[in-house]
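One structure is given here, and the rest of the page talks about it.
The values are calculated or read from the model by the stated rules, or taken from the named source; none is laboratory data. Because the structure is predicted, anything quoted here is derived from the model rather than measured. Methodologically, a virtual Cβ is constructed for each residue, glycine included, from the backbone with ideal geometry; neighbour enumeration extends over all protein chains shown. Surface areas here come from the heavy atoms of the whole protein model, side chains and all, with no ligands, DNA or RNA. Shrake-Rupley method; radii C 1.70, N 1.55, O 1.52, S 1.80 Å.
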Amino acid sequence: MKKIILTGATRGLGLAAAKELAQQKHHLILCCRNMVKGEKVQNELKNIVPNSSIDLFEVDLSDLSSIERFISEINDSFDSFDVLINNAGVFSERKEDTKDGYELTIGTNYIGTFALTYGLLPLLKNAPNSRIVTIVSRAGLYGRIRLTEDLFTKPNKGFPPYANSKLAEILFSIKLSEELASDNITVNAVHPGKVDTSIMVGDTFMMKLMNRLTKKKFMTPEEGAKVIIDVATSDKYKGTTGKMIEREGIIEYNDKCLDVDLREKLHSFTITELQKRLIE
C-alpha cells in the first residue's frame, strides 16, 4: 500500500484515478479546491471501499498562499508519503489572472505545480523509492516559451498558454528528475491521451462546437487514468525517470523538450519569480 497525494481529485481523470487507487487499497490524500465537492468524493469512495484510508485537504493551485498553507498542513499531518500525482490543471477560454497576478493557465498549471512539488519534496525524500507523476499533454510539444519579463503575466487565453504551460511542466519534470536522481525519487510526465474530461468545457460558441465535434473520439476518464496509475504505482515503471509516457509507452522528446539551456533558464527564472513574491 502506498501513501499517495493526488491533486484535482473531484472530477475527470483525478476522480477516475482516485476511485481505482482506493480500490487498490492505497492511502489517498485528496487535494481539491472546492471542499464541498471534495467531501462528496471522499464519502463516495468510502462507500465504494469501506475502511479505506482517504484524507481530504484544501488547496488552490492558482493561489500561492493556499499552496503554502496546504504544505504546512501536510507537514503537520504526515512524516512521509510515497507518490505525488500532479493532476490538477486548467484550460482557460478567457483572459484571466490568478490571485498573484499571473496569467491563469501558466500560473496554475506550471507555477502552482512547481511550488507545490518543491514544498513537498522533504516528505517525499523520507520515503524509499518515491515517485512524482505530473499530468501533461502532447500539446506541450507545440508550446513556445520566451523568457521575457512578462512570461507569467502576459494576458492570453485558449490553446497557446495551455501548450506553453504543458511544455513548462515537461521541462520541469526533466530538470527535477536530474536533480533527484541521487535521492531515489523518480519524476515522470504522463500524457493520458485524448480524454473526455471537463477541463476544456466552456460556454463560448467555439468551445461548445469543439466539444461537440470531438467528444465521441475521446477516451473515458477511466481509460485515461490507467496510464497515470501504472506510472504512479506499478513495478513496470520502477526506476524509470525523466520520461514522458503515454499508454503506448515512452514518447520521444522533441528539440524544445531537450533544450538544456531553456530548461535551466526557465528553472532559474521561476525560482527568482517565486523568491520575489515571498519578499513582496
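Here's the yes/no breakdown for (1) modelled with pLDDT of 95 or more; (2) more than 22 Å from THR113 (Cα to Cα); (3) out of contact with any strand residue (DSSP E or B) (no Cβ under 6 Å at 6 or more places or on another chain):
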{"residue": "SER165", "(1), (2), (3)": "yes, no, yes"}
{"residue": "ALA168", "(1), (2), (3)": "yes, no, yes"}
{"residue": "GLY193", "(1), (2), (3)": "no, no, no"}
{"residue": "SER198", "(1), (2), (3)": "no, no, yes"}
{"residue": "LYS208", "(1), (2), (3)": "no, yes, yes"}
{"residue": "ARG212", "(1), (2), (3)": "no, yes, yes"}
{"residue": "THR220", "(1), (2), (3)": "no, yes, yes"}
{"residue": "GLU223", "(1), (2), (3)": "no, yes, yes"}
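Anything in the stretch 97-134 that is over 14 Å from SER177 (Cβ atoms), of a type in the set (Gly, Ala, Ser) and either surrounded by 24 or more Cβ atoms within 10 Å (Cβ to Cβ) or more than 15 Å from the chain's Cα centre (by Cα) (or both)? List them, or say none.
GLY101, GLY107, GLY112, ALA127
Of the numbered conditions (1) modelled with pLDDT of 60 or more; (2) in a loop (DSSP other than H, G, I, E, B); (3) within 29 Å of ILE67 (Cα to Cα); (4) over 18 Å from the mean Cα position of the chain (by Cα), ASP255 satisfies every one except a single condition; which is it?
Of (1) modelled with pLDDT of 60 or more; (2) in a loop (DSSP other than H, G, I, E, B); (3) within 29 Å of ILE67 (Cα to Cα); (4) over 18 Å from the mean Cα position of the chain (by Cα), only one is false for ASP255: (3).
Tell me, which strands (runs of 3 or more DSSP E) lie completely within the stretch 1-96 with 3 or more residues that are in contact with a Gly (Cβ under 8 Å, 6 or more places away or on another chain) and surrounded by 18 or more Cβ atoms within 10 Å (Cβ to Cβ)?
In the stretch 1-96, the matching strands (runs of 3 or more DSSP E) lie at 27-32.
Taking the conditions exactly as written (over 26 Å from GLN275 (Cα atoms) and over 17 Å from the mean Cα position of the chain (by Cα)), does GLU73 satisfy them or not?
For GLU73, the condition - over 26 Å from GLN275 (Cα atoms) and over 17 Å from the mean Cα position of the chain (by Cα) - is not met.
Of all the residues that make up the stretch 160-189, how many are over 21 Å from ILE271 (Cβ atoms), open to solvent by 60 Å² or more (accessible area, probe 1.4 Å) and in contact (Cβ under 8 Å) with a residue 24 or more places away in the chain?
1
Any residue in the stretch 136-143 that is open to solvent by less than 40 Å² (accessible area, probe 1.4 Å), within 13 Å of the chain's Cα centre (by Cα) and of a type outside the set (Asp, Glu)?
yes
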